[in-house]
Amino acid sequence: MRTIIAFTFLVFLPMLGNAEAWKYELKEAAIESIDNKGNKKHSIDMRVIDYYINRISVYAKAYPPKFNDDGEKHEVTKKLEQLLNLLDVIGENQQGNPNFLAKAAFANSMGHNVDIKGSAEKAGAYYEKLVKITPDNPTSNYNYGMFLSGTRKYHFDSIPYLEKALKFGKEDARYTLGLLYYLSLIHISEP
């Protein structure tokens, strides 16, 4: 019997080491309160949203995403799907809010990196709205450019956004721009 218990413990020990507790449940982002007239008010605790975005970005901010194992990939992807669903609901009333658009765009770009269906299109739509509202914001342009550069279909479309980000002081854009310029020269010279 001891052998079975010891074997079971050794088999599941690696799983225990990889499992990290999440500080919040995503449902904690929804806050319901009652105003002084007795009416229910609903709001969102953006600290929970930010926590999830920051936590997930450790794994999926770039392509390819980096997971230690399939269990971690499954857990993080599931949490990201839940976050994206919540952002879709919140987004109905936040389309003019640059702070929300930036978070939703980045979260959906991570969804694209882990192959969540429809995330690329949503990220692109959110980024388009964001750069229209904040056309001279270096971070908005940089993040949109980096998202586009990570796609096969639109990587050359990222150049104007990365150039604008660089123009406004976002030096990190320089490396990706150099790669894109080089790729465009190779692309032009191909028969």
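The values are calculated or read from the model by the stated rules, or taken from the named source; none is laboratory data. Since this is a predicted model, take the numbers as computed values, not measurements. Ideal geometry is used to build each Cβ from the backbone, glycine not excepted, and the neighbour counts take in all protein chains shown. These accessible areas exclude ligands, DNA and RNA; they are computed on the full protein's heavy atoms, side chains included. Shrake-Rupley method; radii C 1.70, N 1.55, O 1.52, S 1.80 Å.
Three principal axis extents describe the C-alpha atoms of segment 113-191; from largest down they are 38, 33, 19 Å. The longest part of the chain holding none of the exposed loop GluC sites (Glu not before Pro), meaning those outside H, G, I, E and B in DSSP with at most 15 other Cβ atoms within 10 Å, is 93-170. Comparing mean-square fluctuations of Gly118, Gly150, Gly38 from a GNM of the chain with C-alpha springs under 10 Å, the top value falls on Gly38.
What a 1.4 Å probe finds exposed on the chain is 57% carbon and sulfur by accessible area, rounded to a whole percent.
Among Lys132, Lys164, Lys117, the order of accessible area from largest down is Lys117, Lys132, Lys164, computed with a 1.4 Å probe on protein heavy atoms. For the chain, the relative contact order is 12 percent, taking Cα pairs closer than 8 Å that sit 6 or more residues apart in sequence and dividing their mean separation by the residue count. Scalar couplings 3J(HN,Hα) for segment 97-109, obtained by applying the Karplus form with A = 6.51, B = -1.76, C = 1.60 to θ = phi - 60°, are 9, x, 4, 5, 4, 5, 5, 5, 5, 5, 4, 5, 5 Hz; x denotes Gly and Pro.
Our estimate of slack between Glu128 and Lys73, defined as 0.36 nm per intervening residue step minus the Cα-Cα distance, is 16.9 nm.
Distance cut-off 32 Å, Cα to Cα: go down the list Lys23/Lys122; Lys41/Lys170; Lys40/Lys117 and report the pairs above it. Result: Lys41/Lys170; Lys40/Lys117 exceed 32 Å. Once R0 is set to 25 Å, what does the formula 1/(1 + (r/R0)^6) return for the Cβ-Cβ distance between Asp88 and Lys37, expressed as a FRET efficiency to the nearest 0.05? Once rounded, the FRET efficiency stands at 0.25. Counting every Cα pair in the chain, what percent are over 28 Å apart? Counting every Cα pair in the chain, those more than 28 Å apart make up 39 percent.
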